[in-house]
Amino acid sequence: MLSPDVVVIGGGIIGVACAHRFASHGLTTTVLESGPEPGAATPAAAGMLTTFAESDPADPMFVFSVRARDLYAELIPALQEETGLDIAYRTDGILQLALDEDDITRLREAVSMQRQSGFTVDWLSIDEVRKIAPGVGPDVLGAAMAAEDGGLDPLALHQALLESARRRHGVEIVASRGDQLLFDGERVTGVRTASGTVSAGAVILAAGCWSSQVRGLPRALPVEPIRGQMVALDWPPDEPPATVYAGHGYVMERRGEAIGGSTMEHVGYDPSTTQDGLDDVLAKIRRIYPALGNATVRRTWAGLRPGTPDMLPIIGRDPTVTNLWYATGHGRNGILLAGITGEVLLQLFTGEEVEYDLTPVDPARLWPA
């Protein structure tokens, strides 16, 4: 019978990043993953590393997100050298477009606040925008440019983390879903799967939107699926690579494709696409980047993001079960926050000082006393 220091329930990007970080610290680690569920968030993700476009200037997660982005500048080159995999990592900036006067006011204020805080964000005129992304539409009036933001290939990052975790750090992958937590008093002792029981010194719950379905949780976990429909189109060969964002619509060049999205739908565990949803995504894309108006649609798909009531992740220890840890509910930011989630969770686990205010992501906020 297996008896690792840590058992991770879930083998998506969050679970694998946690396993990689814990095992690199010398803790024996097992991941329970039966294989991607239909609609799994990791393979569905675009892979944008966006801090400014997804955050309000006063967002308590902003500094956390910036550190998450910067962490990849250290981690990804090491992973690429170790595994030989190309993660398609880039830091050429993300444009958040202004489509009306209200957007201009809001974005200019946000740029000013972030620059005063020492972050690299600039306001660009429409002429400056077109030098970077000539394919943007006539409705664009200017843009905020987060020059250090960028993107990557989520599946390649996942594969690299997984290979490094297994080959270098001895992480064991059990091809079975973690169905139920087992307890002795107020401590988790293991996880029941379809193929047997895995004993555990501690458990990390990182099963995305399926986290709430694990039986035996000490209390109901408010994580639910939020469907995002996506499209991939041909990227025009005469257009330079770019990532542009407006509202909840975006376009990102990745490996010769235009990855565009996305909807946010509360439809349960339904990973199907709909004509209305795809039409909505394509309309957003063609408004903000009309150079893609005649591009061929290569693929369509949908992913189920794990959402929480306040749309913030759940990272940390259970309020009463001292060896149960949460790493779930990352919503639209799972790829960006994967690396830092593993880092912070390990710091909490080992009692190290954490330099960030984790109050916004503390599990205890969900179950006030």
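Would you confirm, using the coordinates I've provided, whether LEU282 is crowded, with 18+ Cβ neighbours inside 10 Å and modelled with pLDDT of 95 or more?
Considered against the rule, which asks whether it is crowded, with 18+ Cβ neighbours inside 10 Å and modelled with pLDDT of 95 or more, LEU282 comes out as yes.
With respect to ILE173, is the statement that it is within 30 Å of GLN96 (Cβ to Cβ) and either surrounded by fewer than 22 Cβ atoms within 10 Å (Cβ to Cβ) or in contact with a strand residue (DSSP E or B) (Cβ under 6 Å, 6 or more places away or on another chain) (or both) true?
Taking the combined requirement at face value, the residue does not satisfy it.
Report yes if some residue within region 163-170 is closer than 30 Å to LYS131 by Cα, surrounded by fewer than 22 Cβ atoms within 10 Å (Cβ to Cβ) and in contact (Cβ under 8 Å) with a residue 60 or more places away in the chain; otherwise report no.
no
If you go through region 85-138 one residue at a time, how many are in a strand (DSSP E or B) and within 24 Å of LEU71 (Cβ to Cβ)?
Number satisfying all stated conditions: 6.
Per-residue answers, yes or no, for (1) touching a strand residue (DSSP E or B) at 6+ places or on another chain (Cβ under 6 Å); (2) of a type in the set (A, V, I, L, M); (3) under 30 Å from PRO134 (Cβ atoms); (4) modelled with pLDDT under 95:
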residue	(1), (2), (3), (4)
GLN180	yes, no, no, no
GLY185	no, no, no, yes
THR189	yes, no, no, no
ALA206	yes, yes, no, no
TRP210	no, no, no, no
PRO222	no, no, no, no
ILE226	yes, yes, no, no
VAL244	yes, yes, yes, no
GLU265	yes, no, no, no
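Only one residue in VAL66, VAL8 is free of Cβ contacts under 8 Å to residues at least 60 places away in the same chain and farther than 16 Å from ASP153 by Cβ. Which one?
Only one candidate passes the filter, namely VAL66.
Working only within region 334-346, note down all residues that are surrounded by fewer than 24 Cβ atoms within 10 Å (Cβ to Cβ) and either closer than 15 Å to GLY303 by Cβ or of a type in the set (Phe, Trp, Tyr) (or both).
Answer for region 334-346, where residues must be surrounded by fewer than 24 Cβ atoms within 10 Å (Cβ to Cβ) and either closer than 15 Å to GLY303 by Cβ or of a type in the set (Phe, Trp, Tyr) (or both): there is none.
The conditions are (1) modelled with pLDDT of 95 or more; (2) farther than 16 Å from ILE14 by Cβ; (3) in contact with a Lys or Arg (Cβ under 8 Å, 6 or more places away or on another chain), and HIS25 fails exactly one of them. Which is it?
Answer for HIS25: the failing condition is (3).
Checking the condition among the hydroxyl-bearing types (Ser, Thr, Tyr), closer than 22 Å to TYR72 by Cα and in a helix (DSSP H, G or I), which residue from SER212, SER164 passes?
SER164
Among the numbered conditions (1) of a type in the set (S, T, N, Q); (2) over 25 Å from the mean Cα position of the chain (by Cα); (3) farther than 25 Å from GLU239 by Cβ, tell me where GLN159 comes up short.
Failing condition for GLN159: (2).
The values are calculated or read from the model by the stated rules, or taken from the named source; none is laboratory data. Quick caveat, the model's predicted, so the values are computed rather than measured. For neighbour counting, all protein chains shown are included, and Cβ atoms are generated from backbone atoms with ideal geometry for every residue, glycine included.
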